[in-house]
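The block underneath contains the structure these notes are about, expressed in structure tokens.
The values are calculated or read from the model by the stated rules, or taken from the named source; none is laboratory data. In this text, all values refer to a predicted model and were calculated from it rather than measured experimentally. In this analysis, Cβ positions are derived from the backbone assuming ideal geometry, glycine residues included, and neighbour counts consider all displayed protein chains.
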Amino acid sequence: MRHYNFTEIEKKWQGIWDKEGTFEVKERPGVDKDYILIEFPYPSAQGLHVGHPRSYTALDIVARKRRREGKNVLFPIGFDSFGLPTENYAIKTKTHPKVVTEENIRHFTRQLKSIGFSFDWSRAVTTSDPEYYKWTQWIFLQLFKKGLAYKKKMDINFCPSCKVGLANEEVVGGECERCGAPVVRREKEQWMLGITKYAQRLIDDLDELDFIERVKIQQVNWIGRSQGANIYFPIQDTDEKLEVFTTRPDTIYGATYMVIAPEHPLIDRSRDRLENYEAISEYRHHAKHKSDFERTQLVKDKTGVRLEGIMAFNPISEEEIPIYISDYVMMEYGSGAIMAVPAHDQRDFEFAKAFGERILQTVSGDPVDEKAYTGDGKVINSPLIDGLSVDEAIKKMVQIIVERGLGEEKIQYKLRDWIFSRQRYWGEPIPVVHCEKCGVVPLPEEELPLILPDVESYETTEDGSSPLAAITDWVNTTCPSCGGSAKRETDTMPQWAGSSWYFLRYLDPHNDKALASDEAINYWMPVDWYNGGMEHTTLHLLYSRFWYKFLYDIGVVPTPEPYAKRTSHGFILGENGEKMSKSRGNVINPDEVVRNYGADTLRIYEMFIGDFEKTVSWSMNGVAGAKRFLERVWNLQSMMASESKNYSKDLELIIHQSIEKVGKDYEHLKGNTAIAQLMSLTNAYYQKGSITRGELEVLLLLLNPVAPHMSEEIFENLGNREQISQTKWPSFDREKTLEDQVELPVQINGKVRFRMVFPRGMDKSLVENELKESSDYKSYTEGKTLVKIIVVPDKLISVVVK
RNA sequence: GCCGGUGUGCUGGAAUCGGCAGACAGGGCGGACUCAAAAUCCGUUGCCAGCGAUGGCGUGUGGGUUCAAGUCCCACCACCGGUACCA
């Protein structure tokens, strides 16, 4: 027998799978489909991280197993290739992002293929390919037509030194990540997508889905639904009203002042009447230059300015109350104004203390001298609702407010609309033009894709616009509507755009008539199982559910939800327990592991490393252990002493148990315990010293999804014509997974004192009788009073004595 | 702060429903093979006491429920992730 030459074996089988198209699939009406999806990688210049193969292997195992169970399995791969890191890398190395991307994809493809995943490579998609982004642009146009894509003026992070708009993650401690200059907020017209219109459905439809609980919880909390009321507070001596949202209308008598966000439009509207406009503008100016970071550092120190010269009117207590601006009130949430109830809201309390405002308790409970009282109690100091509980008072007050025309019931979400434009080059151009006469005009669908033009430089222009703005002959165009002169939109889409629908393109990747054919969509959707990182829970996962629901509404897809099931994997850290990074010098390159130990070893180790959902540290010793296991399996070939297809009596139990456990564990992404079981089975074979062909083959059949190259090779060495990938997944006999005799521990007063052997399934009373006869029992209970005996069938016996 | 999660030998980690804690690995120690080493194979390995049989202790801490708790309940501590004054 030759030694285990993994390099040769792996190259051979990868060649066979490639040549034979082993894992390529078509729709097969009438055959059960299974769509298994992993998050496609971002092809970074660093290449594959050892974290990628962890989740890819786990789902590859499921795919390989389910194919052998007769399912028509789609397990695709692609590349999420637009995005900021590539653009920045391109700027640094002065290479076109397209070239960088192509190189990276080649690199990733080679790496992924070297690990032997059973992807259907014929369906690979690349989001930066015009054939692909044609349909990303098409979806945008549909959103635009339905009013879900709109323009809005808003503040962005801007680096005055680099003259570039920055993503939140590029702002570190209030400074620009690249040059260290302080970041400012700058107003910019941005494209927005109306995801908030879908907020309620995005919560409600989670009920039906098989998502791991913490994903559901995080999405629900992120969307952040709260129920309350909008109430209008008149401004004295004007027709103006200040709208506030509150979840606690019961406390309205305690609303002793109001606060509006620094950006609130009331300020400009009331300019003439404000006696301290200068102080107010200064505060506004200051707030504008504060980064998000600074705002969050000053949680305790409430700042603000009172609007001198105008007063609001509390429509229920009928008192005149002052108005302040303060940056603890956010323009993006609710109406950008609050009624402040210092007695029952901690932030309002802190502000009232700082500005000497009146604190009126309206719910009985702890006194409100030191802090706000937020608990339950009876309503006090509130003539219309005194004596009610908080819940009753909320209902009653809402009723009063509605009856008197002072406001309405309101449901408010934390979720904000999706800021969809980027002043960047490496993204999908937004397919609209700006016409002086017609306004914003969408491109006709026949003109898609709107190709991203080449530019000289990828740097943002002077005023912070996208590099596209500098290409005047591209920007200047004609209006599709009136034929007059018009300018193209120069913003591009965010990286999230392409990844919001890629799973649909896999179904029919070369279709130029539609994003995918109806036949393909109807056959394959929804995705049966989607695995990805927890970090994508509130952005990518939510965004793609939103797009899919939209496509459902316009009749493109047949189901309201894209993913039937969602699971999530943990990170892999370096050997020292820290995040892998070049600067820490703890990066493990999967290529080296494949070269030195083989792909099968890498796959085994990635699965054996620990609980799939948890964060784990890499260990080179662990890799060596995985290799040792595979060597032991390889060497079993010389231990095969019989051509019999049968299992010997003494191995029957562990073999049937292994078939049961390994299959179940693979399905639950518990590769670690599945492999532990296969190790135990291998150890049992070594104990025995010689095995039959049937025994060796069943191990290979079970091992195949994790170590496909080696298992196929040995299977072929045994003279089999067919490949394991064409065999049926083995079945087990339930009766044979159970032992005939069971050893029961006997606890006396909670401590295991001795053990007794009984036939499996023996009647409780017979067990009890036999127990009482035993000498061990007698010696432990002598001179004591028996209280009770508990027999848990085939598990244990518990005796209580006094 | 809030939300979510985690805490088990020297290390990574096992332990369907509340039923023998430590499976399976790594590392250590001992042995076989070898001139020797590596590799391989076999044995051993939670901690404390004891030559031993054995006994005691033991799943972050403190309490509780139970015949029985890593698992359930209450209070707390530490760490990790998400989020940022959400009215």
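The condition of being closer than 21 Å to A:Arg64 by Cβ and out of contact with any Ser or Thr (no Cβ under 9 Å at 6 or more places or on another chain) holds for only one of A:Ser725, A:Ser711, A:Ser638, that being A:Ser711. Counting only strands (runs of 3 or more DSSP E) that fall entirely inside the stretch A:406-525 and contain at least 2 residues that are basic (Lys, Arg), the qualifying elements are A:485-488. Counting only residues that are part of a helix (DSSP H, G or I) and touching a residue at least 60 places away in the same chain (Cβ under 8 Å), the stretch A:75-87 holds 3 of them. The listed residues are A:Ile338, A:Ile394, and the only one of them that is assigned to a strand (DSSP E or B), within 30 Å of A:Gly254 (Cβ to Cβ) and among the aliphatic types (A, V, I, L, M) turns out to be A:Ile338.
When the stretch A:775-802 is filtered for residues that are within 9 Å of RNA strand B (Cβ to nearest atom), surrounded by fewer than 10 Cβ atoms within 10 Å (Cβ to Cβ) and among the β-branched types (Val, Ile, Thr), nothing remains. Based on what the data block shows, is A:Leu653 touching a Phe, Trp or Tyr at 6+ places or on another chain (Cβ under 9 Å) and either away from RNA strand B (no atom under 13 Å from the Cβ) or assigned to a helix (DSSP H, G or I) (or both)? So A:Leu653 fails the test.
Cβ-Cβ contacts under 7 Å between residues 6 or more apart (or on different chains), taken from a first residue in the stretch A:572-590 that is within 24 Å of A:Phe117 (Cα to Cα) to a second residue that is within 12 Å of RNA strand B (Cβ to nearest atom) and assigned to a loop (DSSP other than H, G, I, E, B), are listed as A:Ile572/A:Trp618; A:Leu573/A:Lys579; A:Leu573/A:Thr615; A:Leu573/A:Trp618; A:Gly574/A:Trp618; A:Ile588/A:Trp618.
Of all residues in the stretch A:596-625, those being among the β-branched types (Val, Ile, Thr) and within 6 Å of RNA strand B (Cβ to nearest atom) number 3.
I'm checking my understanding of the structure. Among residues of the stretch A:356-407 that are within 39 Å of the chain's Cα centre (by Cα) and hydroxyl-bearing (Ser, Thr, Tyr), which one is surrounded by the fewest Cβ atoms within 10 Å (Cβ to Cβ)? For the stretch A:356-407, the residue satisfying everything is A:Thr374.
Looking at A:Leu703, A:Leu699, A:Leu669, just one residue is touching a residue at least 12 places away in the same chain (Cβ under 8 Å), within 39 Å of the chain's Cα centre (by Cα) and either on the phi > 0 side of the Ramachandran plot or more than 15 Å from RNA strand B (Cβ to nearest atom) (or both), and that residue is A:Leu669. Residues in the stretch A:600-621 that are assigned to a helix (DSSP H, G or I) and surrounded by 18 or more Cβ atoms within 10 Å (Cβ to Cβ): A:Asp600, A:Thr601, A:Leu602, A:Arg603, A:Ile604, A:Tyr605, A:Glu606, A:Met607, A:Phe608.
Checking each residue in the stretch A:515-552 for being free of Cβ contacts under 8 Å to residues at least 12 places away in the same chain and away from RNA strand B (no atom under 16 Å from the Cβ) picks out A:Ser517, A:Asp518, A:Tyr552.
Selection of first residues in the stretch A:673-690 that are free of Cβ contacts under 8 Å to residues at least 24 places away in the same chain and of second residues that are part of a helix (DSSP H, G or I) and more than 6 Å from RNA strand B (Cβ to nearest atom), restricted to Cβ pairs under 7 Å at least 6 apart or on distinct chains, gives the following pairs, ordered by first then second residue: A:Thr673/A:Asp665; A:Gln677/A:Ser658; A:Gln677/A:Lys661; A:Gln677/A:Val662.
Residues that are touching a residue at least 24 places away in the same chain (Cβ under 8 Å) and crowded, with 21+ Cβ neighbours inside 10 Å within the stretch A:335-351 comprise A:Gly336, A:Ala337, A:Ile338, A:Met339, A:Ala340, A:Val341, A:Pro342, A:Ala343, A:His344, A:Asp345, A:Asp348, A:Phe351, listed in sequence order.
Restricting the stretch A:183-236 to residues that are within 16 Å of RNA strand B (Cβ to nearest atom) and among the small types (Gly, Ala, Ser) leaves a set whose member that is surrounded by the most Cβ atoms within 10 Å (Cβ to Cβ) is A:Ala229.
Just one residue in the set A:Val662, A:Val593 is more than 10 Å from RNA strand B (Cβ to nearest atom), under 24 Å from A:Arg2 (Cα atoms) and either at pLDDT 95 or above or part of a helix (DSSP H, G or I) (or both); that residue is A:Val593.
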